Every structure is written in structure tokens, then in C-alpha cells.
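First up is the structure itself, then whatever we jot down about it.
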């Protein structure tokens, strides 16, 4: 028998029993996107409200011995505890030691006579357990280990670190802005937040309910509510329209619904999404709401997939004839979408859609100047997110609020070009510094099995300023390709000829981007493991015709050909820095 009870996070973290994740549970999977949404919800919480922030359901199996099993809710509870670890670190950094001690009491059980830790309040998923326990301890020094000793044996924990460290670092970055008042308010939002706690009787019931809840999830919960609402309004053709919307969402229906609302009405917190969508439907009518959602879903699909045919189909249906006055214009937009897809960024989607709506409302679809402004906007999206996200590893959501605000700006604007330029200027102002970019660019390396970002970079370096039909296609995002025309060449080979003497320091940089080129795949096999000097001879000789259109390779030969016989650590570092500065100041410069 289920017994739902509203329970605050404060009460959950004061439980006398330890929580544990059952073996049948999936791994800890939350990433920066979910963590960012949690942070945003907590930061926007109004502490004058009588109700705390609702964080969903937590389903538990009644206490067995010392443990209470988490049937559903491990992602939220684990992330909240990880957030408290970061809050503890911030309290210590502010020298708020009594506050740090109070936070520690929520993370671990404490011996009231010795103040020693008696273990974390959560036995985490196997996928993160050892590292999670390690960082939960009050004496943790803030460094993530790669090896942990357990039962007298050393255990490699790099994968566990890779799951936890990016989220923890993001939390620490956000909290780094807080002084004592902000930290206190933030902790209040965490403790005052609540869940619906549901207790169940036994393991059989737990497994059944776990399968049911994980087969549905929040995405389907909100979409089902919205679908039922629209069906109840007897919208004509709703069944077919809804199937199309679901198909266009590519299994990310919650995100698509959120971005649809944002594109029309501005920023929204996830817990408020269904209520806001229903309100917008009431405002414009269910029929128009359904039509608008269907149109947005087509744009979302095109943006997310970055397939040229879908992009052209959407732009054609959108009624933007000026974009087709030059055949390369739709291709340029799609090329930008391909780059954004490569970075895993989709946050620009609502503001891009709102911008197109603004252009049409102001009769800009027949304006060549407005068409050019729209292209510059998509180029700005690609360049900004390449610098800040693909290279500098910043969180993609850092401009989500800005994009939401500009959705409303575009809704109200009477001057498409002026509003577009204002947004582009905002992106330029938020761009990572040249120094940060150069430092992070140097970390880009060749990896066995996956180098699509490298192909993307060399493609853009080679084709900057050229129309699509003039360029050399080095980057192809199609994951189904078994063989690509271009491969990554190590100028200094990974396994050089025996007579080539290479220092240990230089060997460490053999996979660095400064030692790499993307060349025709047959030339790659012909060059093999010969020395850099011999490669220059062949690239200037029998292979010269194959690099005629590869301007960046010719530039490389001109700049570094005479240094090939002494190619070493210093030369690789110099080339890496020169590439980074050229990339930042010219190729990915936001105009």
C-alpha cells in the first residue's frame, strides 16, 4: 500500500537510517544540464514563499536493518549531497567553520561524543561509490583521486571521477560567487525543498514500481499531461499532430516543450513548465497552441539533427525566400547547426526560432540585409559555443537565461537587425578571454576512436571565408560513415623510425593538436612513420597535388617546413599557440 507524504530535504537528511541504492538501479547518470537546472531552480527560489521548491517523488523500500533502499530518486538525492559537499567547501573557504560543520552533519552521520564521521548518509551507486564516500569525508582536501585503497587493494577510480568531478566543479564555480548571506539563503532553499516520499512494502513491489517509473519518467509525465489537456479541448487532428510533435522531439520531449515555451514567453523553471504551457494554451487557444507547437517541433528537429534536407525544408516552409536568392545561404546555416551539434549544444534553439519569427513579422523575409543578419546570428551561435563550450569546457547553459530574455526582445522588436546585433554584442561580451582559450586549446589531443572535433577544427581552419561550394570538406558529421576521405596525420609519428631521436618531453606532445594535420586518407598511409623532414619533402613533391586545396596544410608547410628537421616540443607548442590565436582572432571571431 502506497503512503505518499510530503517530506522536506532537511528531514530526509536528518533520517536516523542510512539510504542505499539497490543493485538493480541504473548508474548515476546526471550531467551538467540536470545539475544546472537544479542550481537555477534553487537560486530562483523565493524564500518568502510558504512552500519550498518541489523536487518530485522519492520512492523508498521500508527499512531493512540499517538501510533504507531508494527505489526511485537516486539521481536527485545523490546530486543534492554532492551539492552540499560543494557548499561545505565554500563555507570553509569563507572561514565559516561552524556552518561547514552543520553542513557536514547533513552529509554524514557523526558520533556525538567524538564528532568523528560514521559514514555517508547515502551508500551511492556502484558507478561512483568509492569516490563519493571519499569526498564526503570532512577531511577531504578537495582533490579527486585516481586510485583509492580498499580492503588493502588499490582500485582505479578514474571513471568514477569523470562522472562526479565536472558536476562538482560546476557547483563550486557557481558557489564561488556567494558570500555568507547568499550561501545561507541557498542552503535554506535546499533544506526547505521537498519531495513526495512514497514507502513500499517489499522488493517485488519495488522492482515493479522501479520499472514503471523509469519507463515513463518526467519527460512523459509532462508531455502526457499536456497531450491530455489538448485532447480534452478537442483540437482538430490532435492525434496526428501529437504523433508528429513526439517524433520531431527525438526522445527529448521535455526539453523541446521547455524551449517551445521559452521561445514564446521567456524563461521558465522546470517545475512550473506544465502550468505555464497550459496557461499559454489558454491565452492563445488550444488550436493555435497546437499549430505553433507543431511548427516549433519541425525547427527543433532540424536544429537538433543538423541534416541539410531538414534545414532546407524548414526554411522553405517558414517562407524565407531571400535566403534562397543565393544557394549557399541555407548551407551556411546548416553548417553552423552541424558545428553546434558537434559541441552538444542546443540551448540557442528557442532564441533562433524567435529571431526567425521576428524577421517574418517585420517583413524581413524579402530583405537581403535581414537574411545576412540571420546568417551572422547563426555564425555567432556557432563561434560563441565553440570558444566557450567546445574548447573552454564551460557549461552550455551559461547563456540560457540570456537567450530566454532575447526571445522576449525578439517578440517585441520592430527592428530585426538592431535586436540581432544587440544579441551578438552580448555574446561577444560573454566570450572567454584569449588567454583562457589558448590554454584550453592546447589541451585538445588526438584520441584513438573519436576525433570528430579535430576534423571540425581543421575543416573550419581550411574553409574560413569561403562559400560552401568552394571549400574542402574535411568534416563530415555523419556517424554512419565507415571510411572518411580525410584522416588525422601525426607530423611527428606516434611510432617514428628507429633512427629518429625524440626526447621524452617531445613524445608527450605527439598527440597534441599542434602536431596534427588532417590529410587525404591515402596520403596518410603513404607518409606512414617517416620523419617530419621526409614528410615535407613528399608534401612538396609527389603529394603536392593532393594538398592544393588544403590551404591550411600549405600554410603549415610555409611556416614550419624549414623547421621539420628539428621538430620538437618547442615547435609543437609554438604551432599550437599560433593556431589558437588564429582561431580566436580570425576564424571563430564574432563579428
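The values are calculated or read from the model by the stated rules, or taken from the named source; none is laboratory data. Note that the structure is a prediction, hence the values are computed from the model and not measured. Because the Cβ atoms are built from the backbone with ideal geometry, glycine has one as well, and the counts that use them run over all protein chains shown.
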**Residue satisfying condition, being modelled with pLDDT of 90 or more, outside the structural domain of residue 358 (by TED's automatic domain parsing) and on the phi > 0 side of the Ramachandran plot, within set 266, 237** = 266
**Message:** Step by step: first the residues of segment 529-559, then only those that are under 36 Å from the mean Cα position of the chain (by Cα) and touching a residue at least 24 places away in the same chain (Cβ under 8 Å), then the one that is farthest from residue 504 (Cα to Cα). Which residue is that?
**Reply:** 549
**Fill in**
Given the conditions (1) surrounded by fewer than 15 Cβ atoms within 10 Å (Cβ to Cβ); (2) without any contact (Cβ under 8 Å) to a residue 40 or more places away in the chain, every one holds for residue 439 apart from (1)
**Message:** Can you tell me which residue is modelled with the lowest pLDDT among those in segment 180-204 that are assigned to a helix (DSSP H, G or I) and touching a strand residue (DSSP E or B) at 6+ places or on another chain (Cβ under 8 Å)?
**Reply:** 203
**Message:** For the list (1) at pLDDT below 85; (2) surrounded by 15 or more Cβ atoms within 10 Å (Cβ to Cβ); (3) within 25 Å of residue 443 (Cα to Cα), I need the number of the one condition that residue 576 fails.
**Reply:** (1)
**Request:** Please name all residue pairs, on different chains or six or more residues apart, with Cβ atoms under 6 Å, provided the first residue is in segment 579-590 and is over 11 Å from residue 386 (Cβ atoms) and the second residue is buried (at least 16 other Cβ atoms within 10 Å of the Cβ).
**Result:** 580/438; 580/441
**Prompt:** Out of all the residues in segment 445-463, is one or more assigned to a loop (DSSP other than H, G, I, E, B), at pLDDT 85 or above and closer than 23 Å to residue 588 by Cα?
**Reply:** yes
**Message:** Among the residues in segment 572-589, are any closer than 26 Å to residue 431 by Cβ, touching a strand residue (DSSP E or B) at 6+ places or on another chain (Cβ under 7 Å) and assigned to a helix (DSSP H, G or I)?
**Reply:** yes
**segment 316-340, residues that are in contact with a helix residue (DSSP H, G or I) (Cβ under 7 Å, 6 or more places away or on another chain) and closer than 30 Å to residue 454 by Cβ** = 328, 329, 330, 331, 332, 333, 334, 335, 336, 337, 339, 340
**Prompt:** What tally of residues in segment 528-556 results from selecting those that are part of a helix (DSSP H, G or I) and surrounded by fewer than 19 Cβ atoms within 10 Å (Cβ to Cβ)?
**Reply:** 11
**Prompt:** Which condition number in (1) within 27 Å of residue 11 (Cβ to Cβ); (2) at pLDDT 90 or above is the one that residue 145 fails?
**Reply:** (1)
**Request:** Could you tell me which residue of segment 491-513 is nearest to the chain's Cα centre (by Cα), considering only residues that are touching a residue at least 24 places away in the same chain (Cβ under 8 Å), outside any loop (DSSP other than H, G, I, E, B) and farther than 19 Å from residue 475 by Cβ?
**Result:** 512
